[in-house]
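Here the structure is laid out as structure tokens; the discussion comes afterwards.
Any read-out appearing in this document is the output of simple, stated calculations on the displayed coordinates, not a laboratory observation. Note that the structure is a prediction, hence the values are computed from the model and not measured. Here the Cβ is made from the backbone with ideal geometry for all residues, glycine too, and neighbour counts use every protein chain on show.
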Protein chains: 2
Amino acid sequence: MGIVRCHISVSLDGYAAGPRQSLENPLGEGGEGLHRWAFELDAWRREHGRDGGVTNASSAVVEEVTANVGAGVMGRSMFGGGPGPWRGDPPWRGWWGDDPPFHTPVFVLTHHERAPLEMEGGTTFHFVTDGVDVAVARARDAAGDRDVAVHGGADTVQQTIRAGLLDEIVVHVTPLTLGGGSRLFEDVGDATFEVVGAVDAPGVTHVRYRVVR
Amino acid sequence: MGIVRCHISVSLDGYAAGPRQSLENPLGEGGEGLHRWAFELDAWRREHGRDGGVTNASSAVVEEVTANVGAGVMGRSMFGGGPGPWRGDPPWRGWWGDDPPFHTPVFVLTHHERAPLEMEGGTTFHFVTDGVDVAVARARDAAGDRDVAVHGGADTVQQTIRAGLLDEIVVHVTPLTLGGGSRLFEDVGDATFEVVGAVDAPGVTHVRYRVVR
């Protein structure tokens, strides 16, 4: 059976997104800087349909993000926008464009029912109103022998840790400070972590932790 | 000329000391866990006058903490206790015992004047009431060609970063969460950081940053 795992970028001061997140600025002020280390990589560019880029110590980490993933879980904000009910006719289809980079079923935590949304390229968003346990259980079913990726944001990652559902987290520690926003390791209950290993890469440090219950 | 640098342990949630710090518990609740990775090392034990211990990837990092250091700077709380005036007759000589592990002049930031305090083994505490710029300038003078170590705590490290006085910081990222206490990378002004390199060691990840002004 696969594991439930998360890859997430975090600032030096511990934020997974910057302050003043909004529909126009979903990563918050300065938040796009969290992902700058990945943008130049060939592995990241290939996954997002772009050419070129470099290979460095981060490349294998980026390839691992999608390797062996059979399903995903994400929060409503990461799917697209705030906490309100689904509006528009047809309703908003999220941040991710017609062909989202997930290529698996993705279970979206929300308080508002909605029919599944089938996108191009193998991604189908399923909307789950019964909480994180149900979302992860459904993702596990869908993933079969493969892994479940917890895509984010910080609040969803925390929910999986608190509920004892997350097996592993790989933190991409970036050298910027954001001064506010969504803290990653907040309200994680009595979970403890073990260092599995670290990768020294240009402009970022990747650290893998096992979550111990 | 030497540089001004800092080696400091931080929790996964970004704290350099735990919550509810007191005279009885200067590292705060759970704060001693920040330093657990070092206690088993031969390099750490030798510096603290103890035998035994192991050698691993952290050993060189610990040896570097004291290598080529000509003087230090620390906050009043790290020297010993809270912010009040110096009490007792003779007044309190700090947490560090008769032979503190610094073996150099150490400039203590305080609001209360006090004569220098010469300890055994080469450590002399000088009490500086004119702020961090003066403390670092005096430490640089005392260090000559060697480095100035900013020993801590978090508030003192932040002051040196905000004032543009810190050249390098090595963060020992430990896998525990503290849930409260003194955040390390808070109120650091407009300083930016560059990753110099990381060391993957048992139970800890050491990341070296250059502070860019």
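Numerical summary
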{"read-out": "Fluctuation leader among B:Val65, B:Val54, B:Val171 - chain B, Gaussian network, Cα springs under 10 angstrom", "value": "B:Val54"}
{"read-out": "Extreme residue, positive dipole direction of region A:4-212, given options A:Gly84, A:Val54, A:Tyr209 (C-beta unit charges)", "value": "A:Gly84"}
{"read-out": "Chain A, rotation onto B, residue closest to that axis via Cβ, with its distance in Å", "value": "A:Gly14, 2"}
{"read-out": "Shortest-first nm distances, B:His48 label point to equivalent points in other copies (7 Å, Cα→Cβ)", "value": "4.5"}
{"read-out": "Average beta-carbon neighbours from other chains, 10 Å sphere, peptide B:166-173", "value": "1"}
{"read-out": "Residue-averaged [θ]222 nm for chain A, counting only DSSP H segments that reach four residues, each worth -39500 (n - 2.57)", "value": "-5500 deg cm²/dmol"}
{"read-out": "Inter-copy spacing of A:Ile3 label points, which lie 7 Å from Cα along Cα→Cβ, given in nm from shortest upward", "value": "3.4"}
{"read-out": "Cβ-vector label at 7 Å, A:Ala60, separations to other copies in nm", "value": "1.9"}
{"read-out": "Under-5 Å amide H pairs with B:Val69, H placed in peptide plane, nonlocal only", "value": "B:Asp147"}
{"read-out": "For region A:4-212: relative contact order, % (alpha-carbon pairs under 8 angstrom, 6 or more apart)", "value": "30 percent"}
{"read-out": "Considering only the protein assembly as shown, percent of DSSP beta bridges that pair antiparallel, nearest 5", "value": "45 percent"}
{"read-out": "Normalised contact order of region A:1-43, rounded percent, pairs of Cα under 8 Å and 6 or more residues apart", "value": "28 percent"}
{"read-out": "Bins of 5 Å, starting at 0 and running to the largest distance - Cα pair percent for chain B", "value": "1, 7, 14, 19, 22, 19, 12, 4, 1, 0"}
{"read-out": "Fluctuation leader among B:Gly33, B:Gly97, B:Gly144 - chain B, Gaussian network, Cα springs under 10 angstrom", "value": "B:Gly97"}
{"read-out": "Other protein chain Cβ atoms within 10 Å, averaged over every residue that makes up B:195-205", "value": "6"}
{"read-out": "Total formal charge among the other residues, if their Cβ is under 14 angstrom from that of A:Val69, Lys/Arg +1 and Asp/Glu -1", "value": "-4"}
